1. Any idea which of Thr337, Thr375 is polar (S, T, N, Q) and either modelled with pLDDT under 95 or closer than 19 Å to Gly293 by Cα (or both)?
2. Looking only at strands (runs of 3 or more DSSP E) that lie completely in the stretch 269-351, which have at least 1 residues being more than 30 Å from Asp367 (Cβ to Cβ) and touching a residue at least 40 places away in the same chain (Cβ under 8 Å)?
3. When the residues of the stretch 78-124 are narrowed to those that are among the β-branched types (Val, Ile, Thr) and in a loop (DSSP other than H, G, I, E, B), which ends up surrounded by the fewest Cβ atoms within 10 Å (Cβ to Cβ)?
4. I'm told Lys294 meets every condition in (1) among the charged types (D, E, K, R); (2) within 14 Å of ligand 1 (Cβ to nearest atom); (3) within 18 Å of Phe249 (Cα to Cα) except one. Can you identify the failing condition by its number?
5. Looking at Pro326, Pro336, which is the one that is under 19 Å from the mean Cα position of the chain (by Cα) and in the same structural domain as Asp257 (by TED's automatic domain parsing)?
6. Does any residue of the stretch 125-133 turn out to be part of a loop (DSSP other than H, G, I, E, B), at pLDDT below 95 and surrounded by fewer than 23 Cβ atoms within 10 Å (Cβ to Cβ)?
7. Which of the residues spanning the stretch 19-42 are surrounded by 12 or more Cβ atoms within 10 Å (Cβ to Cβ) and among the β-branched types (Val, Ile, Thr)?
8. Of (1) farther than 17 Å from Asp392 by Cα; (2) more than 16 Å from ligand 1 (Cβ to nearest atom), Tyr321 satisfies all except one. Which?
Amino acid sequence: MKSGNQGLPVQGPTPLLPVAEARRRIVDSVSPVTGRERLALRDGLGRVLAEAIVSPLQVPAFDNSAMDGYALRAADLALAATDGLALAGRALAGAPHEGAVGPGQCVRIMTGAVLPAGADTVVMQEQAEVLAEGRIRLTGEHRAGENVRRAGEDVERGQTVLESGRRLTPADIAVIASLGIAEVQVHRRPRVAFFSTGDELCAPGQPLQPGQIYDSNRYALSGMLRRAGVECLDLGVVPDRREAVEQAFRDAATMADAVITSGGVSVGEADFVKETLERLGQVDFWRIRMKPGKPLAFGRVGDALFFGLPGNPVSTMVTFYQFVQPALQALAGAPPTPPLRLRLPTRVPLRNRSGRTDFQRGRLCHDDQGRPCVTMDRQQGSHILTSMSQADCFIVLPPDAGEIPAGTEVEVEPFAGLI
Ligand code: AMP
Ligand code: MG
(Lines give C-alpha, C1' and ligand atoms only; values in the text may rest on other atoms or scores of the structure.)
(Ligands and ions follow the chains in the order given, each with its own letter.)
Protein backbone atom coordinates (compact mmCIF):
# COMPACT_ATOMS: atom_id res chain seq x y z
CA MET A 1 0.00 0.00 0.00
CA LYS A 2 1.26 3.43 -0.91
CA SER A 3 -0.85 5.16 1.71
CA GLY A 4 -2.59 4.33 4.91
CA ASN A 5 -5.43 6.77 4.30
CA GLN A 6 -8.15 4.32 3.18
CA GLY A 7 -7.12 4.38 -0.48
CA LEU A 8 -7.53 8.13 -0.94
CA PRO A 9 -5.25 9.62 -3.59
CA VAL A 10 -1.75 10.29 -2.39
CA GLN A 11 -1.62 14.05 -2.80
CA GLY A 12 1.77 15.53 -3.58
CA PRO A 13 2.81 19.14 -3.67
CA THR A 14 1.05 19.68 -7.02
CA PRO A 15 -2.38 18.29 -7.99
CA LEU A 16 -2.28 15.24 -10.24
CA LEU A 17 -2.95 15.93 -13.92
CA PRO A 18 -5.85 13.93 -15.45
CA VAL A 19 -4.78 11.56 -18.25
CA ALA A 20 -6.98 13.18 -20.93
CA GLU A 21 -5.72 16.66 -20.00
CA ALA A 22 -2.08 15.55 -20.21
CA ARG A 23 -2.72 13.93 -23.58
CA ARG A 24 -4.45 17.05 -24.89
CA ARG A 25 -1.61 19.33 -23.75
CA ILE A 26 0.95 17.08 -25.38
CA VAL A 27 -0.84 16.66 -28.69
CA ASP A 28 -1.68 20.39 -28.89
CA SER A 29 1.99 21.29 -28.62
CA VAL A 30 3.10 19.10 -31.54
CA SER A 31 3.29 20.25 -35.14
CA PRO A 32 3.93 17.85 -38.02
CA VAL A 33 7.38 17.37 -39.53
CA THR A 34 7.75 19.59 -42.60
CA GLY A 35 9.65 17.29 -44.98
CA ARG A 36 7.81 15.54 -47.82
CA GLU A 37 8.75 12.80 -50.22
CA ARG A 38 7.25 11.27 -53.35
CA LEU A 39 7.13 7.51 -53.26
CA ALA A 40 6.16 4.71 -55.58
CA LEU A 41 2.64 3.74 -54.47
CA ARG A 42 3.54 0.42 -52.88
CA ASP A 43 6.24 2.07 -50.74
CA GLY A 44 3.54 4.32 -49.27
CA LEU A 45 2.16 1.56 -47.03
CA GLY A 46 2.04 2.80 -43.42
CA ARG A 47 3.14 6.29 -44.45
CA VAL A 48 1.12 9.47 -43.90
CA LEU A 49 -0.32 11.23 -46.95
CA ALA A 50 0.82 14.83 -47.41
CA GLU A 51 -1.76 15.41 -50.16
CA ALA A 52 -5.41 14.58 -50.65
CA ILE A 53 -6.10 11.87 -53.21
CA VAL A 54 -8.67 13.26 -55.66
CA SER A 55 -9.98 10.86 -58.24
CA PRO A 56 -9.17 11.73 -61.86
CA LEU A 57 -11.79 9.24 -63.05
CA GLN A 58 -14.95 7.33 -62.28
CA VAL A 59 -14.76 3.87 -60.73
CA PRO A 60 -16.12 1.75 -62.30
CA ALA A 61 -15.16 3.64 -65.44
CA PHE A 62 -18.15 2.23 -67.39
CA ASP A 63 -21.34 0.27 -66.74
CA ASN A 64 -20.33 -3.39 -66.65
CA SER A 65 -21.57 -6.83 -65.82
CA ALA A 66 -21.40 -8.28 -62.30
CA MET A 67 -22.00 -11.81 -63.60
CA ASP A 68 -21.30 -14.24 -66.37
CA GLY A 69 -24.61 -14.31 -68.30
CA TYR A 70 -26.62 -12.48 -70.93
CA ALA A 71 -27.06 -8.72 -71.41
CA LEU A 72 -30.46 -7.56 -72.64
CA ARG A 73 -33.07 -4.81 -72.50
CA ALA A 74 -35.31 -5.01 -69.41
CA ALA A 75 -38.26 -4.37 -71.75
CA ASP A 76 -37.55 -7.79 -73.29
CA LEU A 77 -37.67 -9.78 -70.02
CA ALA A 78 -41.19 -11.11 -70.70
CA LEU A 79 -40.29 -12.12 -74.26
CA ALA A 80 -37.06 -13.71 -73.00
CA ALA A 81 -39.09 -16.00 -70.70
CA THR A 82 -41.37 -17.24 -73.50
CA ASP A 83 -39.94 -17.14 -77.05
CA GLY A 84 -36.38 -16.38 -76.01
CA LEU A 85 -33.98 -13.80 -77.48
CA ALA A 86 -31.66 -13.87 -80.49
CA LEU A 87 -27.97 -14.09 -79.53
CA ALA A 88 -26.25 -11.11 -81.19
CA GLY A 89 -22.65 -11.43 -80.03
CA ARG A 90 -20.17 -11.67 -77.11
CA ALA A 91 -18.71 -9.17 -74.62
CA LEU A 92 -15.64 -10.21 -72.59
CA ALA A 93 -13.73 -8.27 -69.92
CA GLY A 94 -11.30 -6.19 -71.98
CA ALA A 95 -13.01 -7.10 -75.30
CA PRO A 96 -16.28 -5.16 -75.65
CA HIS A 97 -19.13 -6.07 -77.99
CA GLU A 98 -18.94 -3.52 -80.80
CA GLY A 99 -22.62 -3.19 -81.68
CA ALA A 100 -25.73 -2.38 -79.70
CA VAL A 101 -28.28 -4.81 -78.30
CA GLY A 102 -31.47 -4.32 -80.26
CA PRO A 103 -35.05 -5.24 -79.29
CA GLY A 104 -35.47 -9.01 -79.02
CA GLN A 105 -31.70 -9.53 -78.81
CA CYS A 106 -29.20 -10.47 -76.13
CA VAL A 107 -25.41 -10.63 -75.91
CA ARG A 108 -23.33 -13.26 -74.11
CA ILE A 109 -21.44 -11.27 -71.44
CA MET A 110 -18.72 -12.06 -68.87
CA THR A 111 -18.03 -10.46 -65.49
CA GLY A 112 -16.37 -7.06 -65.89
CA ALA A 113 -17.25 -6.69 -69.58
CA VAL A 114 -18.64 -3.34 -70.78
CA LEU A 115 -22.42 -3.41 -70.88
CA PRO A 116 -23.23 -3.06 -74.62
CA ALA A 117 -25.23 -0.03 -75.79
CA GLY A 118 -28.95 -0.65 -75.51
CA ALA A 119 -28.65 -3.26 -72.76
CA ASP A 120 -29.53 -2.34 -69.16
CA THR A 121 -29.87 -5.72 -67.45
CA VAL A 122 -27.80 -8.90 -67.08
CA VAL A 123 -29.30 -12.31 -66.32
CA MET A 124 -26.88 -14.84 -64.89
CA GLN A 125 -26.06 -17.83 -67.05
CA GLU A 126 -27.46 -20.29 -64.49
CA GLN A 127 -30.90 -18.83 -65.30
CA ALA A 128 -30.62 -19.23 -69.08
CA GLU A 129 -31.09 -22.11 -71.47
CA VAL A 130 -29.79 -22.31 -75.01
CA LEU A 131 -32.56 -23.24 -77.50
CA ALA A 132 -32.26 -24.44 -81.06
CA GLU A 133 -30.71 -21.88 -83.48
CA GLY A 134 -28.80 -20.38 -80.60
CA ARG A 135 -31.80 -18.54 -79.11
CA ILE A 136 -31.60 -17.90 -75.39
CA ARG A 137 -34.55 -18.39 -73.03
CA LEU A 138 -34.40 -17.06 -69.49
CA THR A 139 -35.89 -18.74 -66.44
CA GLY A 140 -36.67 -17.42 -62.95
CA GLU A 141 -37.68 -13.98 -61.65
CA HIS A 142 -35.84 -10.84 -62.82
CA ARG A 143 -35.63 -7.19 -62.07
CA ALA A 144 -34.79 -4.38 -64.53
CA GLY A 145 -31.14 -3.35 -64.06
CA GLU A 146 -30.06 -6.46 -62.15
CA ASN A 147 -26.42 -7.57 -62.14
CA VAL A 148 -25.16 -4.28 -63.57
CA ARG A 149 -22.36 -2.34 -61.86
CA ARG A 150 -22.93 1.33 -62.55
CA ALA A 151 -20.19 3.71 -63.69
CA GLY A 152 -19.06 5.86 -60.75
CA GLU A 153 -20.90 3.88 -58.06
CA ASP A 154 -17.62 3.34 -56.16
CA VAL A 155 -15.87 6.67 -56.84
CA GLU A 156 -17.00 9.79 -58.75
CA ARG A 157 -14.59 11.87 -60.82
CA GLY A 158 -13.23 14.73 -58.66
CA GLN A 159 -14.17 12.98 -55.40
CA THR A 160 -11.68 13.25 -52.52
CA VAL A 161 -11.05 9.60 -51.81
CA LEU A 162 -8.43 9.98 -49.05
CA GLU A 163 -7.67 13.07 -46.97
CA SER A 164 -4.21 14.42 -46.38
CA GLY A 165 -3.01 13.06 -43.01
CA ARG A 166 -4.26 9.54 -43.69
CA ARG A 167 -1.93 6.69 -42.71
CA LEU A 168 -2.07 4.38 -45.71
CA THR A 169 -3.42 0.86 -45.25
CA PRO A 170 -3.23 -1.97 -47.81
CA ALA A 171 -6.84 -1.17 -48.84
CA ASP A 172 -5.95 2.54 -49.31
CA ILE A 173 -3.01 1.58 -51.52
CA ALA A 174 -5.35 -0.59 -53.58
CA VAL A 175 -7.93 2.23 -53.88
CA ILE A 176 -5.22 4.63 -55.09
CA ALA A 177 -4.07 2.02 -57.60
CA SER A 178 -7.68 1.67 -58.81
CA LEU A 179 -7.54 5.37 -59.75
CA GLY A 180 -4.44 4.80 -61.88
CA ILE A 181 -2.22 6.83 -59.55
CA ALA A 182 1.32 5.39 -59.33
CA GLU A 183 3.02 7.73 -56.83
CA VAL A 184 2.04 9.39 -53.57
CA GLN A 185 3.32 12.42 -51.69
CA VAL A 186 3.90 11.54 -48.03
CA HIS A 187 5.34 13.17 -44.93
CA ARG A 188 8.92 12.37 -44.03
CA ARG A 189 8.97 9.80 -41.24
CA PRO A 190 9.70 11.34 -37.84
CA ARG A 191 13.11 10.35 -36.42
CA VAL A 192 12.89 9.21 -32.83
CA ALA A 193 15.96 8.66 -30.64
CA PHE A 194 15.62 6.70 -27.42
CA PHE A 195 17.78 5.49 -24.60
CA SER A 196 17.52 3.90 -21.18
CA THR A 197 18.98 5.47 -18.09
CA GLY A 198 20.24 3.55 -15.09
CA ASP A 199 23.46 2.12 -13.66
CA GLU A 200 21.64 -1.14 -12.93
CA LEU A 201 20.95 -1.90 -16.58
CA CYS A 202 22.69 -4.65 -18.49
CA ALA A 203 22.20 -5.48 -22.16
CA PRO A 204 20.66 -8.89 -22.98
CA GLY A 205 23.42 -11.27 -24.01
CA GLN A 206 25.81 -9.95 -21.30
CA PRO A 207 26.29 -11.63 -17.89
CA LEU A 208 24.50 -9.84 -15.02
CA GLN A 209 26.65 -8.28 -12.29
CA PRO A 210 25.27 -8.30 -8.72
CA GLY A 211 22.29 -5.95 -8.43
CA GLN A 212 21.94 -5.52 -12.18
CA ILE A 213 18.82 -6.18 -14.25
CA TYR A 214 18.38 -6.58 -17.97
CA ASP A 215 17.31 -3.53 -19.93
CA SER A 216 13.89 -4.46 -21.29
CA ASN A 217 12.50 -0.97 -21.87
CA ARG A 218 14.62 -0.32 -24.93
CA TYR A 219 13.18 -3.46 -26.47
CA ALA A 220 9.62 -2.40 -25.66
CA LEU A 221 10.32 1.08 -27.05
CA SER A 222 11.94 -0.13 -30.21
CA GLY A 223 8.99 -2.46 -30.86
CA MET A 224 6.37 0.21 -30.19
CA LEU A 225 8.26 2.78 -32.27
CA ARG A 226 8.65 0.43 -35.21
CA ARG A 227 4.93 -0.32 -35.09
CA ALA A 228 4.27 3.43 -34.98
CA GLY A 229 6.09 3.73 -38.32
CA VAL A 230 8.85 6.10 -37.22
CA GLU A 231 12.57 5.94 -37.89
CA CYS A 232 14.22 4.61 -34.71
CA LEU A 233 17.63 5.60 -33.36
CA ASP A 234 18.61 3.35 -30.45
CA LEU A 235 21.20 5.17 -28.35
CA GLY A 236 21.70 2.38 -25.84
CA VAL A 237 22.00 2.66 -22.08
CA VAL A 238 23.19 5.85 -20.45
CA PRO A 239 24.73 5.51 -16.99
CA ASP A 240 23.58 7.67 -14.07
CA ARG A 241 26.38 10.24 -14.50
CA ARG A 242 25.77 13.93 -15.13
CA GLU A 243 28.14 14.33 -18.12
CA ALA A 244 26.95 11.12 -19.77
CA VAL A 245 23.29 12.10 -19.45
CA GLU A 246 23.96 15.62 -20.68
CA GLN A 247 25.89 14.36 -23.69
CA ALA A 248 23.18 11.81 -24.52
CA PHE A 249 20.45 14.46 -24.39
CA ARG A 250 22.46 16.81 -26.62
CA ASP A 251 23.28 14.11 -29.18
CA ALA A 252 19.73 12.81 -29.25
CA ALA A 253 18.22 16.27 -29.68
CA THR A 254 20.44 17.13 -32.65
CA MET A 255 19.70 13.94 -34.56
CA ALA A 256 16.00 13.41 -33.87
CA ASP A 257 12.56 15.03 -34.00
CA ALA A 258 11.67 13.39 -30.70
CA VAL A 259 13.67 11.91 -27.83
CA ILE A 260 12.32 9.26 -25.49
CA THR A 261 14.01 8.04 -22.34
CA SER A 262 12.95 5.62 -19.66
CA GLY A 263 13.78 5.78 -15.99
CA GLY A 264 15.01 8.53 -13.75
CA VAL A 265 11.86 10.65 -13.63
CA SER A 266 10.63 9.66 -10.18
CA VAL A 267 10.87 12.47 -7.69
CA GLY A 268 14.17 12.55 -5.85
CA GLU A 269 15.47 9.43 -7.59
CA ALA A 270 17.72 10.96 -10.21
CA ASP A 271 17.68 14.63 -9.62
CA PHE A 272 20.51 15.28 -11.99
CA VAL A 273 18.42 14.05 -14.94
CA LYS A 274 15.88 16.67 -14.01
CA GLU A 275 18.57 19.26 -13.47
CA THR A 276 20.18 18.46 -16.83
CA LEU A 277 16.86 18.73 -18.62
CA GLU A 278 16.12 22.03 -16.94
CA ARG A 279 19.49 23.30 -18.13
CA LEU A 280 19.24 22.01 -21.72
CA GLY A 281 15.60 22.48 -22.56
CA GLN A 282 12.10 23.36 -21.45
CA VAL A 283 10.87 20.25 -19.74
CA ASP A 284 8.02 19.92 -17.22
CA PHE A 285 7.84 17.10 -14.74
CA TRP A 286 4.22 16.08 -14.48
CA ARG A 287 2.51 13.89 -11.97
CA ILE A 288 -0.35 12.24 -13.80
CA ARG A 289 -3.53 10.85 -12.25
CA MET A 290 -2.84 7.39 -13.61
CA LYS A 291 -1.69 4.00 -12.53
CA PRO A 292 0.80 2.74 -13.46
CA GLY A 293 3.05 5.54 -14.63
CA LYS A 294 2.46 8.57 -12.46
CA PRO A 295 5.63 10.55 -13.24
CA LEU A 296 6.21 11.81 -16.78
CA ALA A 297 8.59 14.43 -18.12
CA PHE A 298 7.47 16.29 -21.22
CA GLY A 299 8.85 19.23 -23.13
CA ARG A 300 11.59 20.10 -25.60
CA VAL A 301 15.32 19.69 -25.76
CA GLY A 302 16.63 21.89 -28.56
CA ASP A 303 14.14 21.47 -31.40
CA ALA A 304 13.22 17.94 -30.37
CA LEU A 305 10.15 16.88 -28.42
CA PHE A 306 11.17 15.16 -25.24
CA PHE A 307 9.39 12.39 -23.31
CA GLY A 308 10.88 11.06 -20.09
CA LEU A 309 8.92 7.91 -19.31
CA PRO A 310 8.93 6.17 -15.94
CA GLY A 311 11.35 3.24 -15.65
CA ASN A 312 9.04 0.48 -14.45
CA PRO A 313 8.52 -1.61 -17.59
CA VAL A 314 4.71 -1.65 -17.53
CA SER A 315 4.65 2.09 -16.79
CA THR A 316 6.94 2.72 -19.75
CA MET A 317 4.57 0.92 -22.09
CA VAL A 318 1.35 2.36 -20.68
CA THR A 319 2.64 5.94 -20.79
CA PHE A 320 3.99 5.37 -24.30
CA TYR A 321 0.59 4.24 -25.56
CA GLN A 322 -1.34 6.99 -23.77
CA PHE A 323 0.94 9.96 -24.48
CA VAL A 324 3.82 9.27 -26.85
CA GLN A 325 1.93 7.42 -29.53
CA PRO A 326 -0.66 10.17 -30.13
CA ALA A 327 2.16 12.73 -30.14
CA LEU A 328 4.11 10.72 -32.72
CA GLN A 329 0.96 10.48 -34.83
CA ALA A 330 0.65 14.26 -34.76
CA LEU A 331 4.38 14.62 -35.51
CA ALA A 332 3.98 12.26 -38.47
CA GLY A 333 1.21 14.48 -39.86
CA ALA A 334 -1.71 12.18 -38.97
CA PRO A 335 -4.20 13.82 -36.60
CA PRO A 336 -4.41 11.39 -33.67
CA THR A 337 -7.74 9.70 -33.10
CA PRO A 338 -8.77 8.79 -29.55
CA PRO A 339 -8.11 5.11 -28.78
CA LEU A 340 -11.01 2.78 -29.48
CA ARG A 341 -12.89 2.05 -26.23
CA LEU A 342 -15.45 -0.70 -25.81
CA ARG A 343 -17.71 -1.45 -22.87
CA LEU A 344 -17.63 -5.11 -21.88
CA PRO A 345 -18.69 -7.03 -18.78
CA THR A 346 -15.85 -8.18 -16.55
CA ARG A 347 -15.67 -11.90 -15.70
CA VAL A 348 -13.83 -11.23 -12.47
CA PRO A 349 -14.34 -8.65 -9.72
CA LEU A 350 -12.11 -5.61 -10.17
CA ARG A 351 -11.13 -2.77 -7.92
CA ASN A 352 -9.52 0.62 -8.17
CA ARG A 353 -9.02 2.40 -4.90
CA SER A 354 -5.95 4.35 -6.05
CA GLY A 355 -7.77 7.61 -6.82
CA ARG A 356 -6.08 7.51 -10.24
CA THR A 357 -7.18 6.17 -13.63
CA ASP A 358 -6.03 2.57 -13.53
CA PHE A 359 -4.85 0.89 -16.74
CA GLN A 360 -5.16 -2.78 -15.81
CA ARG A 361 -3.87 -5.38 -18.21
CA GLY A 362 -6.84 -7.40 -19.46
CA ARG A 363 -7.69 -10.17 -21.84
CA LEU A 364 -10.71 -10.30 -24.13
CA CYS A 365 -12.65 -13.54 -23.69
CA HIS A 366 -16.10 -15.09 -23.95
CA ASP A 367 -18.60 -16.04 -21.26
CA ASP A 368 -20.38 -19.39 -21.14
CA GLN A 369 -22.96 -18.17 -23.67
CA GLY A 370 -20.21 -17.07 -26.07
CA ARG A 371 -20.72 -13.34 -25.42
CA PRO A 372 -17.61 -11.16 -25.40
CA CYS A 373 -16.29 -10.06 -22.03
CA VAL A 374 -12.97 -9.24 -20.39
CA THR A 375 -10.85 -10.83 -17.71
CA MET A 376 -7.50 -10.16 -16.07
CA ASP A 377 -4.77 -11.80 -14.04
CA ARG A 378 -4.18 -11.04 -10.39
CA GLN A 379 -0.62 -9.84 -10.95
CA GLN A 380 -0.92 -6.18 -11.88
CA GLY A 381 2.27 -4.58 -10.50
CA SER A 382 4.03 -2.06 -12.73
CA HIS A 383 7.13 -4.29 -12.67
CA ILE A 384 5.22 -7.41 -13.84
CA LEU A 385 6.14 -7.19 -17.51
CA THR A 386 4.55 -10.54 -18.34
CA SER A 387 1.17 -8.98 -17.45
CA MET A 388 1.67 -6.80 -20.53
CA SER A 389 2.72 -9.60 -22.83
CA GLN A 390 -0.23 -11.77 -21.78
CA ALA A 391 -2.73 -8.95 -22.15
CA ASP A 392 -4.53 -7.92 -25.31
CA CYS A 393 -6.30 -4.89 -23.88
CA PHE A 394 -6.25 -2.30 -21.13
CA ILE A 395 -9.16 -2.29 -18.72
CA VAL A 396 -9.49 1.41 -17.93
CA LEU A 397 -10.92 1.98 -14.46
CA PRO A 398 -11.80 5.57 -13.51
CA PRO A 399 -10.21 7.10 -10.39
CA ASP A 400 -13.38 6.70 -8.31
CA ALA A 401 -14.28 3.15 -9.46
CA GLY A 402 -13.88 1.45 -6.05
CA GLU A 403 -15.10 -2.16 -5.94
CA ILE A 404 -16.49 -3.54 -9.22
CA PRO A 405 -18.44 -6.82 -9.01
CA ALA A 406 -18.10 -9.46 -11.75
CA GLY A 407 -20.61 -8.87 -14.55
CA THR A 408 -20.30 -5.06 -14.45
CA GLU A 409 -19.54 -3.35 -17.75
CA VAL A 410 -16.10 -1.73 -17.81
CA GLU A 411 -14.17 0.31 -20.37
CA VAL A 412 -11.75 -1.70 -22.48
CA GLU A 413 -9.08 -0.41 -24.83
CA PRO A 414 -8.01 -3.22 -27.22
CA PHE A 415 -4.32 -3.27 -28.10
CA ALA A 416 -5.29 -3.81 -31.74
CA GLY A 417 -6.40 -0.17 -31.78
CA LEU A 418 -2.97 0.92 -30.57
CA ILE A 419 -1.42 0.08 -33.97
P1 AMP B 1 13.33 4.65 -12.25
O2 AMP B 1 12.15 5.28 -12.97
O3 AMP B 1 14.63 4.92 -12.89
O4 AMP B 1 13.27 4.97 -10.82
O5 AMP B 1 13.10 3.09 -12.37
C6 AMP B 1 11.99 2.46 -11.78
C7 AMP B 1 12.15 0.96 -11.83
O8 AMP B 1 12.21 0.54 -13.19
C9 AMP B 1 13.41 0.44 -11.19
O10 AMP B 1 13.10 -0.79 -10.57
C11 AMP B 1 14.34 0.25 -12.35
O12 AMP B 1 15.35 -0.70 -12.11
C13 AMP B 1 13.40 -0.21 -13.43
N14 AMP B 1 13.93 0.13 -14.74
C15 AMP B 1 14.40 1.35 -15.12
N16 AMP B 1 14.83 1.31 -16.39
C17 AMP B 1 14.62 0.06 -16.83
C18 AMP B 1 14.86 -0.61 -18.08
N19 AMP B 1 15.40 0.04 -19.10
N20 AMP B 1 14.52 -1.91 -18.19
C21 AMP B 1 13.96 -2.56 -17.14
N22 AMP B 1 13.69 -1.99 -15.96
C23 AMP B 1 14.03 -0.70 -15.78
MG1 MG C 1 16.78 4.76 -12.64
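1. After ruling out the rest, the residue left standing is Thr337.
2. On the way: elements: 281-287, 295-301, 304-309, 342-345.
Because the criterion is at least 1 residues that are more than 30 Å from Asp367 (Cβ to Cβ) and touching a residue at least 40 places away in the same chain (Cβ under 8 Å), the strands (runs of 3 or more DSSP E) in the stretch 269-351 that meet it are 281-287, 295-301, 304-309.
3. Step one: list which residues in the stretch 78-124 are among the β-branched types (Val, Ile, Thr), which gives 82, 101, 107, 109, 111, 114, 121-123.
Pick out the ones that are also in a loop (DSSP other than H, G, I, E, B) and you get 101, 111.
Numbers: Val101: 26, Thr111: 16.
The extreme case among them is Thr111.
4. (3)
5. Details: Pro336 fails: in the same structural domain as Asp257 (by TED's automatic domain parsing).
Only one candidate passes the filter, namely Pro326.
6. Going through the stretch 125-133, the residues part of a loop (DSSP other than H, G, I, E, B) turn out to be 131.
The next check asks that each one be at pLDDT below 95; those that pass are 131.
If we keep only those that are surrounded by fewer than 23 Cβ atoms within 10 Å (Cβ to Cβ) as well, we get 131.
Yes, the stretch 125-133 has at least one match.
7. Within the stretch 19-42, Val19, Ile26, Val27, Val30, Val33 qualify.
8. In the conditions (1) farther than 17 Å from Asp392 by Cα; (2) more than 16 Å from ligand 1 (Cβ to nearest atom), Tyr321 misses (1) alone.
The values are calculated or read from the model by the stated rules, or taken from the named source; none is laboratory data. Worth saying up front: this structure is predicted, and the values here are computed from it rather than measured. A quick note on method: Cβ atoms are made from the backbone with ideal geometry, for glycine too, and the neighbour counts reach across all protein chains shown.
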